[in-house]
Structures are given as C-alpha cells and as structure tokens.
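Beneath this line is the structure, given in structure tokens, with notes to follow.
Laboratory data are not the source of any read-out in this text; all were calculated from the coordinates shown. Predicted model, so just to flag it, every value in this text is computed and none were measured.
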Amino acid sequence: MQYSADDARAFMKRYRTLTIEIIHLKAEIRHKEELIGSLGMPGDGMPRGNNISKPTERDAIYLADKRAELSALMSEAERERDEIRDVIGKIEDSAVKDIMYKRYIEFKAPGTIARETPCDVRTIRRKHRDGLNEAAEILGRK
C-alpha cells in the first residue's frame with residue numbers, strides 16, 4: 001500500500017488523540033467520583049446516604065463502565081505508542097528521529113523543539129517533513 005506524508009501524519013497523531021481522550025475520560029470519572037463522594041458512596045462502590053440525595057446503583061455501574069472504558073483506551077494508546085516508536089526507530093537520520101519522537105511521543109511543538117535543539121524552527125519543520133516522508137515509506141513497507 002502506498003502511504004503519503006499526510007497518511008504518516010495521521011498515523012503519528014493517533015496516539016495524541018487517544019491521550020486526549022484518556023485525559024477527558026479521567027476528568028469525567030474524577031468529577032463523578034467527587035459528586036458521588038459528596039453524596040456518601042464509599043470506596044466499595046455500594047450506595048449509601050440519606051433518602052434525599054443518595055448515590056444509586058446506576059452511579060456505581062456508570063463508574064465501573066467508565067473505568068473499564070478508560071482501561072481499554074489506555075491499552076490501545078500503549079499499543080499505538082509502541083507502533084509509532086517502532087516507525088520512528090526505523091528512521092535513519094538521528095536528528096530527524098529525535099524531532100519525530102519529541103513531536104509525536106512527547107507532544108512538543110516545533111518552537112519548543114527548536115529551543116531544545118541547536119536548530120531553528122524552519123529547520124525543525126523541514127526535518128519534520130523529511131521524517132513524515134520517511135515514515136510514509138516505512139509504513140508502506142509494513
């Protein structure tokens with residue numbers, strides 16, 4: 001299969017997308033836990049409280065489902081990260097490899113990478129483009 005630089009970019013961005021989903025899901029779980037905690041649901045997940053406002057079994061099931069969803073997302077993100085690392089590891093130029101790692105595993109912007117390396121932003125962008133082209137070739141060989 002033929003891959004373009006845009007295909008490679010989309011492949012590389014999957015891990016970031018999953019990581020953002022994980023952050024949002026963790027916040028949703030934390031919010032629900034705080035809400036339920038204020039209503040009197042202890043750590044065992046069984047509802048307690050007064051008759052006016054008490055957590056329900058539905059809340060406990062909701063949290064269990066969200067935690068299972070989080071676990072599955074984290075496993076998927078780990079697999080994606082490993083695939084991306086594998087592709088980046090096959091890039092020949094070590095400077096390009098470093099830029100791709102910082103961009104797609106550490107989620108750093110080109111300006112941040114430029115401040116951390118002896119390259120200017122323009123060079124970072126050019127090497128990044130070279131990295132995407134090489135990643136497309138590597139993906140095409142898979």
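Binning all Cα-Cα separations of the chain at 10 Å, short to long from zero, yields these whole-percent fractions: 11, 30, 21, 15, 13, 8, 1. For the stretch 84-142, the spherically averaged projection of the C-alpha convex hull amounts to 3.5 nm².
Phi-derived couplings, Karplus 6.51 cos²θ - 1.76 cosθ + 1.60 at θ = phi - 60°, listed residue by residue for the stretch 57-68: 4, 4, 5, 5, 5, 4, 5, 4, 5, 5, 5, 5 Hz, with x used for Gly and Pro.
Normalising the average separation of contacting C-alpha pairs (under 8 angstrom, six or more residues apart) by the number of residues puts the relative contact order of the chain at 35 percent.
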